[in-house]
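Everything on this sheet refers to the single structure shown next.
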Amino acid sequence: MDYFPIFVAVNSRQVLLVGAGEDCVHKARLVMKSSAMIHVFHDDDGVEIAAQFQAWQDQGKVIIHQRMVEEDDCHNAAFAFIGTEHEANRLQARAIFDDHGLLYAVIDNKAESRFITPALVDRDPVVVAIGTEGTGPIIARDIKAKIETLLHPKTGIVAKAAGLFRARGYFTKRRIAAAVLVGLFGSSCSQYSGINRFGQKHQISRPIPT
C-alpha cells in the first residue's frame, strides 16, 4: 500500500478549507458527518463564496474567514483541504501546511496531496472506508453500493448499544449485543451463538422484550 488507511480524531478540533467554491462545498458536506468544526478561508479575487457556505455560516455549521489561511490557523487543526482556484494561494497554503506538518489534500490533485479521501459507508459509529489509491473511483463507488446493501441502516444503533455495556462482564456484553441484534434484525439473527467468559457456549433466540 502506498496509502495507509487511518481514522483521525476530530472531536474538539478544526478542519480547514482553503477556498469557498463548489468543490469545497462537497468536502465540507463530507466533514459535516463528523464532530469537527469547519473553518473556510476565502481570498480568491473574482471568485464568490458559494451560497451554501453562507447558509451554513448562518446556521453555525462553518466559520468563514475572508482572508488567506495563516500558520496560527493550523493549531488544533486535524487536517485541511485546498480547493482555491488561484495557484499562488494554493502554493502558499501548501507551504504553510508543510511547515506546520499538517496533512492536507489538494482537491482533484492527488500528486500534490498528503492524503486522499476514501468512499464512505456511514452507519455512525460504524464507518467503512473504501479506497483505491485514486486509481479507480468507479470501482470504489461500486463496492460502496454493495456494502450499503449489506449493512442494516440501524447497524450504528447496535454498535452504540454494545458500547454502553463495555464495562460489564464478557458474558453480559455478548448476551446484550445478541438481544439488540435480534430486536433489530428479527429472524435473520434468531440464533446467536457465542462463548462466555467461562468458555461455555450459549445461545439467544428471543427478541428484546417490549
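General observations
- ³J(HN,Hα) computed for each position of region 59-66 - Karplus, 6.51 cos²θ - 1.76 cosθ + 1.60, integer Hz, glycine/proline x: 8, x, 8, 9, 10, 9, 10, 8
- Placed amide H near residue 65: partners under 5 Å, 5+ positions off or other chain: 40, 41, 42
- Within straight-line reach of residue 160, meaning a Cα separation under 18 Å, sit the following aspartates and glutamates at least 8 residues removed in sequence or on another chain: 122, 124.
- Normalised alpha carbon radius of gyration of region 1-78 [divisor 2.2 N^0.38 Å]: 1.14
- Taking amide H atoms as placed 1.01 Å from N in the peptide plane, the amide H of residue 104 lies under 5 Å from those of 80, 114, 115, each 5 or more residues away in sequence or on another chain.
- Exposure proxy for 34, 12: other Cβ atoms within 10 Å of each Cβ, ordered fewest to most, give 12, 34.
- Gained length - residue 70 relative to residue 29, 0.36 nm times residue gap less alpha-carbon distance: 12.4 nm
- Ranked packing of 116-128, 38-50, 72-84, 14-26, most packed first, by mean Cβ within 10 Å: 14-26, 72-84, 38-50, 116-128
Each value in this text was obtained by applying a stated rule to the coordinates, not by laboratory testing. Treat the numbers as computed from the prediction; the structure is a model and nothing was measured. Positions of Cβ are generated from backbone atoms using ideal geometry, with glycine treated the same way; all protein chains shown enter the neighbour counts.
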